[in-house]
Every structure is written in structure tokens, then in C-alpha cells.
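Here the structure comes first, spelled out in C-alpha cells, and everything after it is commentary.
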Amino acid sequence: MVTKNTTIHKFKLWFTITLGVLLLFISFIASLSVGAYSIDFSQVLAALFTNDGSKAASIIQTIRLPRAVVGLIIGACLAIAGSIMQSITNNPLASPQIFGVNAGASLMVVIGVVLFPDLAPNTLVYFAFLGAAFGGAVVYYMASTGGGMTPVKLALAGITVHLFLSSLIEGIVLFNETSTEDVLFWLAGGIDGRNWGDVQLLLPWTLAGVLTAMILSKSLTILSLGDDLAKGLGQNIGLIRGASAVLVIILAGVSVAVAGPIGFIGLMIPNIVRSLIGSDYRLVIPISALFGAVLLTGADVISRYIAFPAESPVGIVTALIGAPFFLYLARKGGRSS
Amino acid sequence: MKWTVRLLTIAVILVLAACGSSEEGQEIESDEATGSNNSEETQSEENSGSEETRVIQHEMGETEISGQPENVVALEFSFVDNLASLGVTPIGIADDNDKERIIEPIQEKIGEYTSVGTRKQPSLEVISSLQPDLIIADMKRHKDIYDQLSEIAPTIILPSLAADYEGIIDSFETVSKAMGMEEKGAEVLAEHKDKMETLRSQVPEDEDRTVLPAVVADSGYYAHNMESYTGSLLESIGLKNAIQSGDDRYNKINLEQVVEFNPDVMFHMLSGEQTVVDEWKENELYQDVSAVKNGEVHQVDRNMWSRFRGLISSEKILEDAISYLYE
């Protein structure tokens, strides 16, 4: 680790964590407070702990709270997935979206919904996993041919696969006209209407994923120093990469299964976090999770204002913020962290 | 030498291109010439009858139509309704490849027809194979293919998808004018207005309950506000819509908003087996909504209530609504 400026480094670390927790609190409360039905701030706080039988309490507890929680969980999942991907590919542009993981998962979910309309969400998740694996594999293969994966190659391969898979999705949607409205909104990615059932679905996969990520985090840090160095230090690169890939598929897959393909969180957050606290993945992963949760929840609050009081997909807001960020990263030359 | 060759090649290409386009132009011109010759002939032949060339104003400009079109292609359901009211069977309908979408009262009125595909993407080939003499298309869906449609037959573009009840009446009048059946059209319209008056009288003066028509699907609850076709129709007989604002006519709303609007009567058009309402039913907030509490949630046919926007269907919608509310 960096031995110079350790004090400054520590300060930055604690500052970042505190900032993250503060923002988390603010966006969480905001998520509970904003909605068509106006509710006082005091009622919001009260409803978190008790149920006084009022409409306000019901709304908070059954509609807004699960939505906020889903936002936190999925934001964290996507950010962790992104940070893992950036670590194993040594490429700051890597993210579930760029890697076609989102698009692949979406395609399989759409196929699942169209072929088996009565499928339970718990089973739909496996479609998402399959699709995520498929999308990621194709992009990885395409980006690695011709000697090494440069950031630019990755971006090109990723966008190509994303567009191709999106066209397949749109084709399926077009030919199943009844499902059109059902799917279009979902394809932009949104967490409106998520309930406690979705939280139940997410929790086991997320916990398993986060746990595994933390176990892997030390290896990921060593891996980011370069393949040769890592091998020299006794790391089993193949195993680490394989386990990480499975992890990404699970985290991104379950997010897409619940909320559709939400983009740019996995891209932005790890880069921002690494620029603040360095590349120790034992820290990057949990702090990315923290800020990922903040970003998604905050974006969700903002998305409610686009066409208030009607719902808008949160994917719009993340894209609005994320696309310029992506351009900035790509222009920087894609220097690996 | 090399440059001369290149210049020559470019020149040859340009000449070929110009030849090609002017040939096409000549072809089209000669087609149009024969076309207008034909109509002139028809005019001079059948001048004894009530044939004339009418100029119909529509959303994309003006179209000339002569005589009484016999082979009409309708690219939206509201136009099918309009034609059926006039007693005309269209030769082709964009029925989304599903004959079941044509509601019963209209199925009985019209006979066999040929499907020209989906309303979103009608097949131009099938349309032209039917050799129509009039095409009626929707402003929102088909304005981009207006030119291509016009090459097949005289085409008029009217608002259908984005029209409210008043707009549908206007479209009906234009359709009857285009068909050269203005008299019959006026008759039918008068009958319709009478029927609407009768239906309106069945709604008590002091009816102040709010209604909410909505399409309910797996992905969400799409409410039709007071400017939508169904909403404006119900409003026209005194049934106030629960949503009195909003830029879009069809908004996806969540449970919180339904609680906020608290409609007294809900008309749900089902899209799919499983819908969000099935999830909401387990939430006490939903059960507290006025319409649910009072057992005034009615499932209605989406084809009738939303897809077919015309005189016949609007009468049926109101008959249905009144029987749900007052019988």
C-alpha cells in the first residue's frame, strides 16, 4: 500500500465513507418522502417504526419503503459487479452494461416472459443468469481476439453486442404486440412498483454475492497489479477470474430480473470510488456498494420529477448522468487504474 | 492517364444515375397521366350519376377522390367502425393479424375482408394487391408512409390513435365525405346523437362519482384521463373522470396515485393473464380505494373500450357502463 501520505489517505477514506453514509441517509429519506400522495416529514419518520393505521403509514410501508430498499440493494449489486469487472479486466470501462451482461439478461428475461407469461419471478431470475452469462461471454470473446483487450476494443465489442441483443429484444417485442407496452418501460430500467416480494427475491442472491465478493477482494487487489505479478504472488488467476465472472452474472442478473437493465451505475461508481480511495478492493467493493446504493436511490427520486406525478424509468436519469461520464472516461484514453 | 480514366468513370456513373432517375420519373409521370385520364374518362362516362371529384382536407393536406370508392382499406379500427356505420365493408383492414379484435357488433355488420397486417406496420404489398380506391390511415401511426400509400391509392390521414371522442366524430364526417356518402353520414350521425341523448338521460343529474378507465397489464396500470378517447366519451354523458389533468392521455400510474385519485368506479381493460392489480389486491391500500370498497371495479373488453373508437363502439361502451352502474 501507499506508505507516503498515509494520513491524508486515511482522512480521504473516512471522509468518503462519512459522505457516503450521509448521502445514503438523505436519498433514502427522500425516496420515502416523494410521491403522488403528500406525506409530512414527521409522518415519514414515524411510519418507519410504527404503523398507526393511517393511509400515510400504509403507503410508506407497503409502497415506498420496499421500493427504496430495492433501490439500495440493486444499486449496491450493480456497483459491486462493475468494480469486479473493472478489476479482472483491468479496464475502467468495464461494467455490466458495456459487457453486454445487461442486454443478455434482458433478452432472456423478455424471451422468458413472452414464452411463459405465467412464470414466477423466482424462476425468471435463472433466465436472467443465463442471458447475463451469454452476453458477457460473447463480449469477452470478441474483445479479447487480436491480442489483448484494450478499453477501446471492449467498448466497441460491448456496444456491438448490446445493440445486436437490443435489436433481438425489439424484434420479439414487435411480434408480440400485446407485450409491447409491458416491456418497453421495463427495458429502460425502473424500480417503481417493486414490493417486498422483490426484496425477498433479491436478498439471498445479494448476500451471497457480497460475501463472495469480500472473500475475493484481496485476490482482486493483487490481480489489479497485473497478471504476471499476481501469478508470481501465488494467485490462481483462472480461478479468480472464473469465480468473479460467476459473481458478476449473479449480481447483475438478479438486478436485471427485478428492475430491468439499469445502466451506468456499474460504470461510474467504481471509477469515482477508486479515484478517491485507491485500488484496495477490500475497501473499493463495500464503498462502491455504498455509493451505488446512493446513486440509484437518488436517481430514482429524480426520475419521479420528470413527469410528476407519472412514473418515469430510472434508467433515463442514470443514462443522463452516465453518458457524459462515459465519454469523459473514454477520452481520458482509458488508462487502467 | 489515370485521372482521365477516373473522370470518365465518374462521368459515366453520373450519366447512368441521371438516366435511371429520369426514366423512373417518366414512368411515374406516365402512370399519373393514365391515372388522371382514367378518372376523366370515368367522369365523362358517368356524368349522369352523382359522381364528382371531391377534395378532402385531412391531416396531411388534400386528396382528390372521385366517385364512390368501392374498395376501401382501413388502417385503424376507428375507421372500420366508421365504415361499418355507413354500411360499407372495407376490402382490407389492418387488424393486427387477429380477426378476434374486431368487436362483435361490427363483425356482424361487415362481411369478409382481407387482413393487411398490423396497424403499426401494415403490409404495403398486400394493400396494393387489393387494388383499393381509397385508403384511410391514422395520423400518429402512418404519417411516415403517407407518400407510399398515396402511390397505391388516394389516401386520407385522420387522427385516430390520438383522438378524443369529439375528434372521432369529426373523423367520421370526413370519412363519409370521402366516401361520397355525406347524406347517409349525416343520417347516421343524427341517429347516433339521438342515442347518446337517450343514454345521457339515463345518468342521474346529481351523479358525482368519478370513473377511471384503465388498461391493466403485467407491467403497470395505464390510466386513461379525461382527454383520452374513453375518458372524454364517459365525460360527455356526465361521468367525470378521476384524473382531471395530465399532459399525456395514457399515463402509467402506480398504486400510490390510484389511492390519491381514489376513483369511485374503475373500468379495467385487461391486457394479459396476470396484471399488477393481482399484486395490488393483497394490499390494504388498494382495498381501501373507493371503487374497490364499493364493488365497482368492472372488467371490460379492451377491443371495445379502447381499440375501436367510433360511433358503434362508443354507443356500446356507454350501454355497458350504464348497465354496470345502474342496473
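The values are calculated or read from the model by the stated rules, or taken from the named source; none is laboratory data. From a predicted model like this one, the values you see are computed outputs, not experimental measurements. Neighbour counts run over all protein chains shown; Cβ positions are idealised from the backbone, glycine included. Each accessible area value is taken on the protein alone, full model and side chains, heavy atoms only, with ligands, DNA and RNA left out. Shrake-Rupley method; radii C 1.70, N 1.55, O 1.52, S 1.80 Å.
Here B:N251 fits the description: free of Cβ contacts under 8 Å to residues at least 60 places away in the same chain and facing chain A (nearest Cβ under 10 Å). On inspection, A:A46 does not qualify as of a type in the set (G, A, S), closer than 20 Å to A:A213 by Cβ and either more than 14 Å from chain B (Cβ to nearest Cβ) or within 15 Å of the chain's Cα centre (by Cα) (or both). If you go through the range B:224-248 and keep only what is within 11 Å of chain A (Cβ to nearest Cβ) and either at pLDDT 90 or above or open to solvent by 20 Å² or more (accessible area, probe 1.4 Å) (or both), you end up with B:S245, B:G246, B:D247, B:D248.
Of B:A162, B:A178, which residue is in the same structural domain as B:H58 (by TED's automatic domain parsing) and within 11 Å of the chain's Cα centre (by Cα)? First the steps, then the outcome.
Working: B:A178 fails: within 11 Å of the chain's Cα centre (by Cα).
When all the criteria are applied, what remains is B:A162.
One residue stands out among those in the range A:118-132 that are touching a residue at least 12 places away in the same chain (Cβ under 8 Å) and open to solvent by 40 Å² or more (accessible area, probe 1.4 Å): the one that is nearest to A:V161 (Cα to Cα), which is A:L130.
When the range A:52-75 is limited to residues that are over 19 Å from A:G197 (Cβ atoms) and open to solvent by 20 Å² or more (accessible area, probe 1.4 Å), the one that is farthest from the other protein chains (Cβ to nearest Cβ) turns out to be A:D52.
Residue-by-condition table, conditions (1) more than 12 Å from every other protein chain (Cβ to nearest Cβ); (2) open to solvent by less than 50 Å² (accessible area, probe 1.4 Å):
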site: A:G147; (1), (2): yes, no
site: A:K153; (1), (2): yes, no
site: A:F164; (1), (2): yes, no
site: A:L184; (1), (2): no, no
site: A:S219; (1), (2): yes, yes
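For the range B:278-294, residues that are away from chain A (no Cβ under 11 Å) and at pLDDT 90 or above total 5. Only a single criterion out of (1) under 27 Å from B:A186 (Cα atoms); (2) within 14 Å of another protein chain (Cβ to nearest Cβ); (3) out of contact with any Ser or Thr (no Cβ under 9 Å at 6 or more places or on another chain) is not satisfied by B:A94, namely (3). Of the helices (runs of 4 or more DSSP H) that lie entirely inside the range B:271-324, those containing 1 or more residues that are aromatic (F, W, Y) span B:276-280, B:284-287. Given the criterion touching a residue at least 12 places away in the same chain (Cβ under 8 Å) and more than 14 Å from A:I84 (Cα to Cα), identify the matching residue among A:G238, A:G266, A:G234, A:G322. It is A:G322. What single numbered condition from (1) within 12 Å of chain A (Cβ to nearest Cβ); (2) open to solvent by 10 Å² or more (accessible area, probe 1.4 Å); (3) part of a helix (DSSP H, G or I) fails to hold for B:Q257? Status for B:Q257: all satisfied but (2).
Consider A:S27 carefully, then state whether it is among the hydroxyl-bearing types (S, T, Y) and either in contact (Cβ under 8 Å) with a residue 24 or more places away in the chain or open to solvent by less than 90 Å² (accessible area, probe 1.4 Å) (or both). Don't jump to the end; show me each part of the working.
Values: among the hydroxyl-bearing types (S, T, Y): yes; either in contact (Cβ under 8 Å) with a residue 24 or more places away in the chain or open to solvent by less than 90 Å² (accessible area, probe 1.4 Å) (or both): yes.
For A:S27, the condition - among the hydroxyl-bearing types (S, T, Y) and either in contact (Cβ under 8 Å) with a residue 24 or more places away in the chain or open to solvent by less than 90 Å² (accessible area, probe 1.4 Å) (or both) - is met.
Regarding A:G112, is this residue within 14 Å of chain B (Cβ to nearest Cβ), part of a helix (DSSP H, G or I) and more than 16 Å from A:I249 (Cα to Cα)? Yes; evaluated as a whole, the condition is true for this residue. Mind checking which residues of the range A:269-312 are more than 16 Å from A:G82 (Cα to Cα), β-branched (V, I, T) and open to solvent by less than 10 Å² (accessible area, probe 1.4 Å)? Result: A:I277, A:T297.
Can you find even one residue in the range B:51-59 that is touching a Gly at 6+ places or on another chain (Cβ under 6 Å) and at pLDDT 90 or above? Looking through the range B:51-59, none of the residues is touching a Gly at 6+ places or on another chain (Cβ under 6 Å) and at pLDDT 90 or above. Scanning the range B:209-233 for residues that are hydroxyl-bearing (S, T, Y) and either assigned to a helix (DSSP H, G or I) or farther than 26 Å from A:A259 by Cβ (or both) yields a total of 5.
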